[in-house]
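Novice: Take a look at this one; I'll ask things after.
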Amino acid sequence: KTDGTWQSFSTKSIIGNPKNTTYGRMSIDKNGTKWTVTINNGLIGFNEKGNIFKKLTVGVETGNLPSEDARVAAVDNNNQLWIGTSKGLRVLSNVNSLLTEDKLTTKPIIILEDNLAQELMYEQFITDIVVDGANNKWIGTADSGVFLVSPNGQETKYHFTINNSPLPSNTINDIDINSTTGEVFIATTKGMISFKGTATSANEDLSNVYVYPNPVRPEYEGTIKITGLLNKATIKITDIEGNLVYETTSEGGTIEWDTTAFGKYKVASGVYMIFVSAQDGIETKVKKVMIIR
């Protein structure tokens, strides 16, 4: 506590022999609920305000986890809880359910693969899950490298292994993200590497909006990044005459523009205006970028 004293919490109400339970990582949600994984008793949810203890384990009526060996639980930007186990993935649709429901039930994410319904991360030994600023999930595994999936899990954006990336090992121990730069750090059993991601945490205002590179020179073939954004900000890009060439809504603090007019063709050399407005329309920001072909 803040006064220098210690406080203990007993899990005997949900675990028969707590001393024989191996506790792992903990994640704390917006309600102050502590979600703690165990390798032999599934997932424990604890909220001290109501002295609420609940356990999710295998079985349809007791949590629907694919294994009692839970390794990581991550709260995403929509207050969903993503749970990684030694035999796959489950999602609790809302962390509020610990406070409002008698029983907690998780569900798999079903995707279409080759026109067949498949369970996302089926039978995969999941070692870590990290949520980026755009609510994508970075998922580390014990022997299959790293996956980056979309906010709802329906799209696998990247799957990095030793065969298609500089990963030194397919065994992932830990993943962490620099929320300011979007850089993703991946620790494996044979070393650490980083990936230059673009999803950053949303800012509290538009005072630090920044555009780079600027100017865009002829030899540059990448995208333009606009960072320092509010979440759900509207971004409109026009040429100097006011013709709209691109429009999007931010997810997190950064967006990219491929310098095309809505994906049809590369825009010509010139100065382009970038208009940024908050979701409520109260706060706005205008930036310029020069493109040299």
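Novice: Only one of I282, I226, I235, I255 is β-branched (V, I, T) and part of a loop (DSSP other than H, G, I, E, B). Can you tell me which?
Specialist: When all the criteria are applied, what remains is I282.
Novice: Hey, another quick one. Among the residues of region 121-131, is there at least one that is surrounded by fewer than 17 Cβ atoms within 10 Å (Cβ to Cβ) and touching a Lys or Arg at 6+ places or on another chain (Cβ under 9 Å)?
Specialist: Yes, there is a match, as at least one residue in region 121-131 is surrounded by fewer than 17 Cβ atoms within 10 Å (Cβ to Cβ) and touching a Lys or Arg at 6+ places or on another chain (Cβ under 9 Å).
Novice: Of the numbered conditions (1) under 20 Å from T105 (Cα atoms); (2) part of a loop (DSSP other than H, G, I, E, B), G4 satisfies every one except a single condition; which is it?
Specialist: It is condition (1) that G4 fails.
Novice: Another question about this same structure. Tally up the residues in region 214-230 that are exposed (fewer than 13 other Cβ atoms within 10 Å of the Cβ) and either free of Cβ contacts under 8 Å to residues at least 40 places away in the same chain or not assigned by TED's automatic domain parsing to the domain that holds V271 (or both), please.
Specialist: Matching residues across region 214-230 total 3.
Novice: Another question, then. Does region 127-148 contain any residue that is over 25 Å from K288 (Cβ atoms), outside the structural domain of G263 (by TED's automatic domain parsing), assigned to a strand (DSSP E or B) and touching a residue at least 60 places away in the same chain (Cβ under 8 Å)?
Specialist: yes
Novice: Given the structure, is N135 of a type outside the set (A, V, I, L, M, F, W, C), surrounded by fewer than 19 Cβ atoms within 10 Å (Cβ to Cβ) and more than 28 Å from I226 (Cβ to Cβ)? Quick ask: steps written out before the conclusion?
Specialist: Working: of a type outside the set (A, V, I, L, M, F, W, C): yes; surrounded by fewer than 19 Cβ atoms within 10 Å (Cβ to Cβ): yes; more than 28 Å from I226 (Cβ to Cβ): no.
For N135, the condition - of a type outside the set (A, V, I, L, M, F, W, C), surrounded by fewer than 19 Cβ atoms within 10 Å (Cβ to Cβ) and more than 28 Å from I226 (Cβ to Cβ) - is not met.
Novice: Of the residues in region 198-211, how many are more than 10 Å from G252 (Cβ to Cβ) and either assigned to a loop (DSSP other than H, G, I, E, B) or within 22 Å of the chain's Cα centre (by Cα) (or both)?
Specialist: 6
Novice: Let me ask something additional. Scan region 245-265 for residues that are more than 18 Å from the chain's Cα centre (by Cα) and either of a type in the set (D, E) or within 24 Å of N77 (Cα to Cα) (or both) and report the count.
Specialist: So the first thing to find is which residues in region 245-265 are more than 18 Å from the chain's Cα centre (by Cα), and the list is 245-248, 257-265.
From the residues that got through so far, the ones that are either of a type in the set (D, E) or within 24 Å of N77 (Cα to Cα) (or both) too are 247-248, 257-258.
Result for region 245-265: 4.
Novice: Now for a different question. Looking at K232, K288, which one is touching a strand residue (DSSP E or B) at 6+ places or on another chain (Cβ under 8 Å), closer than 23 Å to D76 by Cβ and not aliphatic (A, V, I, L, M)? Give the derivation first.
Specialist: Numbers: K288 fails: closer than 23 Å to D76 by Cβ.
Sole residue among the options that is touching a strand residue (DSSP E or B) at 6+ places or on another chain (Cβ under 8 Å), closer than 23 Å to D76 by Cβ and not aliphatic (A, V, I, L, M): K232.
Novice: Quick check on region 153-176: of everything there that is in a loop (DSSP other than H, G, I, E, B) and in contact with a Leu (Cβ under 7 Å, 6 or more places away or on another chain), which residue is surrounded by the most Cβ atoms within 10 Å (Cβ to Cβ)?
Specialist: Looking at residues that are in a loop (DSSP other than H, G, I, E, B) and in contact with a Leu (Cβ under 7 Å, 6 or more places away or on another chain), I get G153.
Novice: Could you check how many residues of region 177-191 are touching a residue at least 24 places away in the same chain (Cβ under 8 Å) and either assigned to a loop (DSSP other than H, G, I, E, B) or over 27 Å from L229 (Cβ atoms) (or both)?
Specialist: Selection size over region 177-191: 2.
Novice: Now for a separate question. Taking strands (runs of 3 or more DSSP E) that fall entirely within region 13-125, which contain at least 1 residues that are of a type in the set (S, T, Y) and either modelled with pLDDT of 95 or more or assigned by TED's automatic domain parsing to the domain that holds G140 (or both)?
Specialist: 23-28, 34-38, 81-85
The values are calculated or read from the model by the stated rules, or taken from the named source; none is laboratory data. Since the structure is predicted, the reported quantities are computational estimates derived from the model, not experimental observations. Backbone-built Cβ (ideal geometry, glycine too); neighbour counts: all protein chains shown.
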